[in-house]
Amino acid sequence: MGGRAVVVLGAMALSTFLYVTAETLPIGLLPLMAEDLGRSPSAIGLLVTVYGLIVVVASIPLTKVTQRVPRKLVLSILMVVFVVSTATSALVDDYWLLMGARVVTALTQALFWSVVTPATAALFEPRLRPRALSILYAGSSLSAVIGVPAGTWLGQQTNWRVAFLAVAGLGLVVLLAIVVLLPNTPAGESDADRGWAPDTGRYWALLAYITFTVTGSLCAFTYIVPFLTDVSGFTDSATGPLLAVRGIGGLLGVAVIGALVGRNGWLSMTGMVGLQLLALSLQWLFGSSQVVTVIAITLSGLALSGVASGLGVRVLEVAPRGSDMALAGASTAFNVGITTGALLGGILLPGSGVRSTALAGAALTLLAFAVALLEPRLSTRHPSRSPAAERLPRL
């Protein structure tokens, strides 16, 4: 495969970049969209909330009904629909038509993550997969650093519709690469379609601590801007560069997990959860110190990106049955964390103040860390069944 696999990997990483950018782009374009469509900012925000809820609800059912369809065909159809629905989002003038287009895009994303990960893993031999998957998920991390800021800038220079059209245009590039270069492997015939050390207990422990970790992270991060200004005393103009620094931390997290997760997946992920616990605790305890706050938000970005990037590798390790359904469960857990974390932060903000979001995030992460530490003891796999199982870490 060689160079062909690398080119396809680049296209797949671009696809993860585009999906996360499309999901969150209305956040950066919110004022422009609200004015153009004659809607309130909260109505535009609902375009993101509904999108996330659709992904949560639809991931497992859609994966179930497409299990036997070749992944090349599934990904090709998903990218066609993604391009059309994203372009439609840019062209409609009615809010509810826009909402409908966003729902269609969200439905493709609900299936996307359970297909793109094993399809990418199958391109590489097992020893190269952890690094390849970290590159795949680096695309989603880059969306926060490049995608949304670039889309926001483009919308400000032209209008918000051009930003959506640009995302759709890049989707055509991904579609072309999939159609021309992705091998047409029948569903279920790659060793990436199954966990190499299947373990039901460890899989459910993984989903539990991923949910708690992401919930804790988003509880604090959703309201990071008022935290930076009201608690840490930064100016409004400083928040953009500070978020960019957090994004750079996220890219470092992708690199770190890519180097480590293939050696010991459980220990690598547990370390990232522990790092988030440290970061959010520092943010809560020493949030009035600007230096400590910068360190805390950078470590938070590193930890969350590391967890997100390592998740695919861990699922392909412990998936108890097919990897596609296991990945759909992981995508659901991750998005439940996103939705619940943002909701919890919004509930705490009016009554307890913005500093409480960091405390709640740290408390949830502490729970996640405890579950992660217990994961080996929750194993339901007998160590003698496979050499791969013997290499699993034990407390």
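The values are calculated or read from the model by the stated rules, or taken from the named source; none is laboratory data. Computed from a predicted structure; not experimentally measured. Every residue, glycine among them, receives a Cβ derived from its backbone with ideal geometry; neighbour counts consider all protein chains shown. In case anyone asks, the SASA skips ligands and DNA or RNA and just uses the protein heavy atoms, side chains included. Shrake-Rupley method; radii C 1.70, N 1.55, O 1.52, S 1.80 Å.
So here's what we get for this one:
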quantity	calculated
Selected residue (criterion: nearest to GLY361 (Cα to Cα)) from residues of the range 204-226 that are surrounded by fewer than 24 Cβ atoms within 10 Å (Cβ to Cβ) and of a type in the set (Phe, Trp, Tyr)	TYR223
Those residues of the range 91-112 which are in contact (Cβ under 8 Å) with a residue 12 or more places away in the chain, closer than 20 Å to LEU37 by Cα and open to solvent by less than 50 Å² (accessible area, probe 1.4 Å), in sequence order	TYR95, LEU98, MET99, ALA101, ARG102, VAL103, THR105
Residue match in the range 190-201 (condition: surrounded by fewer than 18 Cβ atoms within 10 Å (Cβ to Cβ), in contact with a Leu (Cβ under 6 Å, 6 or more places away or on another chain) and part of a helix (DSSP H, G or I))	yes
Residues (open to solvent by 40 Å² or more (accessible area, probe 1.4 Å), without any contact (Cβ under 8 Å) to a residue 24 or more places away in the chain and of a type in the set (Ser, Thr, Tyr)) located in the range 31-90	SER40, SER42, THR88
Boolean, ALA144 is open to solvent by 40 Å² or more (accessible area, probe 1.4 Å), under 22 Å from THR49 (Cα atoms) and touching a residue at least 40 places away in the same chain (Cβ under 8 Å)	yes
Residue check, LEU252 surrounded by fewer than 24 Cβ atoms within 10 Å (Cβ to Cβ) and within 24 Å of ALA208 (Cα to Cα)	no
Count of the range 341-361 residues which are of a type outside the set (A, V, I, L, M), open to solvent by 30 Å² or more (accessible area, probe 1.4 Å) and at pLDDT 90 or above	2
Test result for ARG321, charged (D, E, K, R) and open to solvent by less than 20 Å² (accessible area, probe 1.4 Å)	no
Verdict on ALA144 being under 26 Å from THR21 (Cα atoms) and more than 19 Å from the chain's Cα centre (by Cα)	no
Pick from the range 6-30, criterion open to solvent by less than 10 Å² (accessible area, probe 1.4 Å) and at pLDDT below 90, ranking: nearest to TYR95 (Cα to Cα)	PRO26
Selection count where residues are modelled with pLDDT of 90 or more and among the basic types (Lys, Arg), scope the range 144-197	1
Selection from the range 203-234 of residues that are among the small types (Gly, Ala, Ser) and farther than 16 Å from ARG355 by Cα	ALA205, ALA208
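Table: residues versus (1) under 17 Å from SER141 (Cβ atoms); (2) more than 21 Å from the chain's Cα centre (by Cα); (3) aromatic (Phe, Trp, Tyr).
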| site | (1), (2), (3) |
| --- | --- |
| CYS219 | no, no, no |
| VAL231 | no, yes, no |
| THR235 | no, yes, no |
| PRO241 | no, yes, no |
| ILE248 | yes, no, no |
| LEU260 | yes, no, no |
| ARG263 | no, yes, no |
| SER268 | yes, no, no |
| SER281 | no, yes, no |
